[in-house]
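J.: I have a structure I would like to understand better, so I am pasting it below and will then ask my questions one at a time.
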């Protein structure tokens, strides 16, 4: 006999419930997210001063804005290659920025998945509970 829970096929997950749960969860994690943002800013300043970030088209030292752009693109794991670090320290900082970006992405993705699960349970789907 099948012990799987029976679901109402007409039950619908309400987006506003998922968004509200996501917002609430991000609010609870605000100190962690603020710490990660602060670490991003510290690494960006380090890249500007010791990374030797240069614009590849002009080979000129990047402005702070261009360096911040490079750090954001690196943390997002996009990496266009229009600004690059030229020192060993800069390459280390770039790797740390990439790892930081993966960490932030994991936290936000986990929050999103949890929020959708909570909205689904609120709608009547009891995910992962057998009995």
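J.: Show me the ranking of peptides 61-67, 43-49, 30-36 by mean Cβ neighbours inside 10 Å, starting with the highest. List each step's numbers first, then the result.
T.: Values: 61-67: 16.0, 43-49: 20.1, 30-36: 12.0.
The peptides rank, most packed first, as 43-49, 61-67, 30-36.
J.: Per DSSP helix of 4 or more residues, -39500 (n - 2.57); summed, then divided by the residues of the chain. What does that give at 222 nm, rounded to the nearest 500? Write out the running numbers ahead of the final one.
T.: Details: 4 runs with 83 residues, N = 131.
Dividing the helical sum by the residues of the chain leaves -22000 deg cm²/dmol.
J.: Along the three principal axes, how long is the range 27-90 when you take its alpha carbons, biggest first, rounded to the nearest angstrom?
T.: 44, 21, 19
J.: With angles folded into 0 to 90 degrees, how steeply does helix 30-50 sit against the dominant principal axis of the chain? Use alpha carbons for both and round to 10.
T.: 20 degrees
J.: Run the Debye formula on the Cα coordinates of the chain, all scatterers equal and no solvent, and tell me log10 I(q)/I(0) at q = 0.10, 0.15, 0.16, 0.19 1/Å.
T.: Results for the chain at q = 0.10, 0.15, 0.16, 0.19 Å⁻¹ read -0.50, -0.75, -0.80, -0.97.
Readers should treat all values here as calculations from the given coordinates under stated rules, not as data from a laboratory. Owing to the predicted nature of the structure, the values given are computational and were not obtained by experimental measurement. Note that we place each Cβ from the backbone using ideal geometry, even for glycine, and neighbour counts take in every protein chain shown.
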